[in-house]
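Values in this text are rule-based calculations from the coordinates and carry no lab data. It should be emphasised that the depicted structure is a prediction, and the values quoted were computed from it without experimental measurement.
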Amino acid sequence: MPHAAAPEDSAAIHCSRCQACCCQLTVLVMADDDVPESLIAIDAHGMEVMRRLDDGWCVALDRDSLRCTIHAHRPQACREFAMGGSDCRAERASWRRIAASLA
């Protein structure tokens, strides 16, 4: 039986230790977002979303540093996904549960 992942202290979440879990989520691009057109795709519902590469990660994610290459121009949805916030912690907990189930 898989072990439950321990809760993560939001103070322990920092850019330098981030696994960029949120960078595999679907991100809607709104009309007033300043995202370069080359980074936008159209999803099955006709909505503009951040494009992903074949590995499933956001096209704007630098794979070496796990940092956003368009941080100053990232979509509003990304701006609202606060590092260490409740959504961030929930996504990281989901990743830990999946990892624990594979161990």
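Here the 3J(HN,Hα) profile of segment 27-34, calculated from phi with Karplus coefficients 6.51, -1.76 and 1.60 at θ = phi - 60°, is 10, 6, 9, 8, 4, 8, 6, 9 Hz, Gly and Pro shown as x. What percent of all Cα-Cα pairs in segment 13-102 falls into each 5 Å bin, going from 0 up to the bin containing the maximum distance? Reading upward from the zero bin: 3, 13, 23, 25, 20, 11, 4, 1, 0. Whole-Hz Karplus values for segment 42-53 come out as 10, 7, 5, 9, x, 8, 7, 9, 5, 5, 10, 8 Hz, taken residue by residue from phi with 6.51 cos²θ - 1.76 cosθ + 1.60 and θ = phi - 60°; glycine and proline positions read x.
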